Amino acid sequence: MNNETTNEEVNSKEDAMSEEKWAELIKAVYHNGLVALKMHYNDVEAQVSNFQDYGPVFVFHVKDESGSIYSCGFFLHELIARFQSDNDPAVWMASFFVDLMETKGGKPLPKPATTEEEAKAIIDNILVPQCIKAVTEEFAPEQVHAGLAWKEDHGPIFEAGFPTIIDGNNVCAISLHLLLTHLQLNRDPGELLIQGMYDIRKEHGLD
């Protein structure tokens, strides 16, 4: 649940910061995101939304040469981490749009579910199959475990792991809500699980 703890940290920092400082931070991240993407694309727009569980989310809209629009969202904490790291944030942010642009004609953010039935259909028909496919393909031909589970303190989660690892931690568990949020931001939820599974392999000295 790494991403969630990081967001909680950001939210607790929000309490400690004055409103003015917080507004400056949002403005700076918004500006840096636009500047980064404009190094790769000519027509870029952005908006900031506040997600109840995850704080500020920055959605960038890139228009290609044919006028098609592609949208992708990023969490505040991950953008701050990128802008403060040595990794090139412009290349990292642009990489998401390179993938999205493989879909011709544009890719706006998917419409969020308005009812519980719609949410369940998105989870059952899109999210879960996409996550299972991502982890099984990434680690093929190795046998992997992937599917829904329930945790008392977190509610519904998606678990992915290696049945062949017997000693110690062999499962990566991520809140279904966080995976669904990634899907709604045109991000690949499978990436979170794959990263978690590579971390498990690293822990066990397998990579």
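Only the coordinates and a few stated rules stand behind these numbers; no lab work does. Bear in mind the structure is a predicted one, so any value in this text is a computation, not a measurement. All Cβ positions, even for glycine, are placed from backbone atoms using ideal geometry, and neighbour counts span all protein chains on display.
In this model, which of Lys27/Lys63; Lys107/Lys133; Lys107/Lys151; Lys111/Lys133 are farther than 27 Å apart at the alpha-carbon?
On the way: Lys27/Lys63 22 Å; Lys107/Lys133 21 Å; Lys107/Lys151 34 Å; Lys111/Lys133 23 Å.
From Lys27/Lys63; Lys107/Lys133; Lys107/Lys151; Lys111/Lys133, over 27 Å: Lys107/Lys151.
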(request) Assign unit charges at the C-beta atoms only (+1 for Lys and Arg, -1 for Asp and Glu), then state the dipole size of the stretch 116-203 relative to its Cα centre in Debye, rounded to the nearest 20. (result) 140 debye
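How fast does the chain diffuse by Stokes-Einstein, in µm²/s, taking the Kirkwood radius from C-alpha pairs at 4 °C and 1.567 mPa s? Don't jump to the answer; show the numbers that get you there.
Numbers: Rh = 18.5 Å.
Using the Kirkwood radius from Cα pairs, D works out to 70 µm²/s.
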(message) With +1 assigned to the C-beta of every Lys and Arg and -1 to the C-beta of every Asp and Glu, and no other charges, what is the dipole magnitude of the chain about the Cα centre in debye, to the nearest 20?
(response) 520 debye
(message) Amide H of Ala46 versus every other amide H placed in the peptide plane: which residues, excluding those fewer than 5 positions away on the same chain, fall under 5 Å?
(response) His61
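For the residues Thr136, Thr115, what sequence is obtained by ranking on other C-beta atoms within 10 Å, fewest first? Can you show the working numbers first?
On the way: Thr136 17, Thr115 8.
By the 10 Å Cβ count, ascending: Thr115, Thr136.
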(request) Report the far tail of the P(r) of the stretch 116-203, meaning the percent of Cα-Cα pairs longer than 23 Å. (result) 19 percent
(message) Can you give the FRET efficiency to the nearest 0.05 for Gln47 and Ala121, using r as the Cβ-Cβ distance and R₀ = 25 Å?
(response) 0.40
(request) Between beta-carbons, use under 12 Å as the cut-off and find the net charge around His61, counting Lys and Arg +1, Asp and Glu -1. (result) -1
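Using only helices, what value at 222 nm comes out for the chain when you add -39,500 (n - 2.57) per DSSP H run of length 4 or more and divide by the total residues, to the nearest 500 deg cm²/dmol?
-15000 deg cm²/dmol
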(request) Excluding Ala90 itself, calculate the net charge of residues whose Cβ lies under 15 Å from the Cβ of Ala90, where each Lys or Arg counts +1 and each Asp or Glu counts -1. (result) -1
(message) Only counting other Cβ atoms within 10 Å, I'd like Trp22, Trp150 sorted with the fewest neighbours first.
(response) Trp150, Trp22
(request) Enumerate the helices in the chain for which the Kyte-Doolittle hydropathy averages -1.0 or more and the C-alpha atoms extend at least 18 Å along the helix's axis, using complete DSSP H runs. (result) 19-38, 189-203
